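Chemist: Handing you a structure now.
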């Protein structure tokens with residue numbers, strides 16, 4: 001039996017409260033990861049917008065002032081580049097919302113703390129008491145989830161990398177997840193920051 005199959009079997013063997021504890025713990029961590037991801041994306045988006053504005057101004061000035069010889073660049077290419085950058089600028093000025101994921105994480109933290117306190121201090125509770133507590137926490141958990149938009153799968157995957165031993169992830173598994181996280185979040189911004197000046201340079205001078 002593989003480690004992943006063992007992990008799944010272990011999960012099925014847990015009590016309902018233990019399953020609920022894991023759900024709240026992992027969802028809480030995922031929502032905080034989503035908040036961090038969106039905040040980072042917002043910062044990169046803002047940087048990207050500022051740099052695209054600079055590129056846009058620079059291209060506009062090229063078409064106004066005779067910085068280069070007429071033969072060295074095509075004015076239609078300059079106009080096309082300006083249009084493309086203007087569109088990109090509009091796209092990356094869309095505001096990324098991270099606050100609601102953070103608020104969701106805070107609310108989940110409260111019921112997670114209740115679960116941990118109950119587990120620590122109520123070891124001799126009756127079966128009915130355990131059932132009532134589990135139903136109450138489950139209702140709160142579902143209510144919180146219904147209030148907020150869901151995180152994406154990479155947020156829960158990143159949460160698992162930070163608890164790799166518990167989730168039985170190898171170093172290779174962790175590396176693959178982090179590469180996928182970078183590709184899904186930061187890569188497009190780094191490309192858009194670095195690629196336009198390279199294209200502009202080669203378009204104008206080669």
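The values are calculated or read from the model by the stated rules, or taken from the named source; none is laboratory data. Every value quoted in this text rests on a predicted model; they were computed, and no experiment measured them. All Cβ positions, glycine included, derive from the backbone under ideal geometry; neighbour counts span all protein chains shown.
Chemist: Any residue in the stretch 12-23 that is more than 12 Å from residue 137 (Cα to Cα) sitting within a Cβ distance under 8 Å of a residue that is modelled with pLDDT under 80 and not in a helix (DSSP H, G or I)? List the pairs, counting only those 6 or more apart or interchain.
Modeler: Listed by first residue and then by second, the contacts come to 22/14.
Chemist: In this structure, is residue 153 more than 22 Å from the chain's Cα centre (by Cα), under 20 Å from residue 35 (Cβ atoms) and surrounded by fewer than 16 Cβ atoms within 10 Å (Cβ to Cβ)? Let's see the steps before the verdict.
Modeler: On the way: more than 22 Å from the chain's Cα centre (by Cα): no; under 20 Å from residue 35 (Cβ atoms): yes; surrounded by fewer than 16 Cβ atoms within 10 Å (Cβ to Cβ): yes.
Here the answer is no, as residue 153 does not meet what is asked.
Chemist: Let me ask something else about it. Provide a single number: the residues in the stretch 110-146 that are in contact with a helix residue (DSSP H, G or I) (Cβ under 7 Å, 6 or more places away or on another chain) and surrounded by fewer than 11 Cβ atoms within 10 Å (Cβ to Cβ).
Modeler: Qualifying residue count for the region: 0.
Chemist: Right, another one. Can you list residue pairs whose Cβ atoms sit under 7 Å apart, with the first residue in the stretch 152-169 being at negative phi and the second being surrounded by 14 or more Cβ atoms within 10 Å (Cβ to Cβ) and assigned to a loop (DSSP other than H, G, I, E, B)? Count only pairs 6 or more apart in sequence or on different chains.
Modeler: These pairs meet every condition: 160/167; 160/169; 161/169.
Chemist: Next question, about the same structure. Take the residues in the stretch 89-124 that are part of a helix (DSSP H, G or I) and modelled with pLDDT under 65, then tell me which one is nearest to the chain's Cα centre (by Cα).
Modeler: By that ranking, first place goes to 91.
Chemist: For residue 33, state whether it is part of a helix (DSSP H, G or I), under 25 Å from residue 185 (Cα atoms) and at pLDDT 80 or above.
Modeler: Details: part of a helix (DSSP H, G or I): yes; under 25 Å from residue 185 (Cα atoms): yes; at pLDDT 80 or above: yes.
Taking the combined requirement at face value, the residue satisfies it.
Chemist: Further question: Can you tell me which residue within the stretch 168-206, out of those that are at pLDDT 90 or above and outside any helix (DSSP H, G or I), is surrounded by the most Cβ atoms within 10 Å (Cβ to Cβ)? Can you show your working first?
Modeler: First pass over the stretch 168-206, keeping only residues at pLDDT 90 or above: 168-182.
Imposing the further condition that a residue be outside any helix (DSSP H, G or I) reduces the set to 168-170.
Details: 168: 14, 169: 20, 170: 10.
For the stretch 168-206, the residue satisfying everything is 169.
Chemist: Go through (1) modelled with pLDDT under 80; (2) crowded, with 18+ Cβ neighbours inside 10 Å for residue 28 and report which single condition fails.
Modeler: (1)
Chemist: Any residue at all in the stretch 43-59 that is within 30 Å of residue 107 (Cα to Cα), at pLDDT 80 or above and part of a helix (DSSP H, G or I)? So that I can check it myself, show each step before the final result.
Modeler: Keep residues of the stretch 43-59 that are within 30 Å of residue 107 (Cα to Cα), which gives 43-46.
Applying the additional criterion that residues be at pLDDT 80 or above yields 43-44.
Going one step further and asking which of them are part of a helix (DSSP H, G or I), we end up with 43-44.
Within the stretch 43-59 (the criterion being within 30 Å of residue 107 (Cα to Cα), at pLDDT 80 or above and part of a helix (DSSP H, G or I)), the answer is yes, since at least one residue qualifies.
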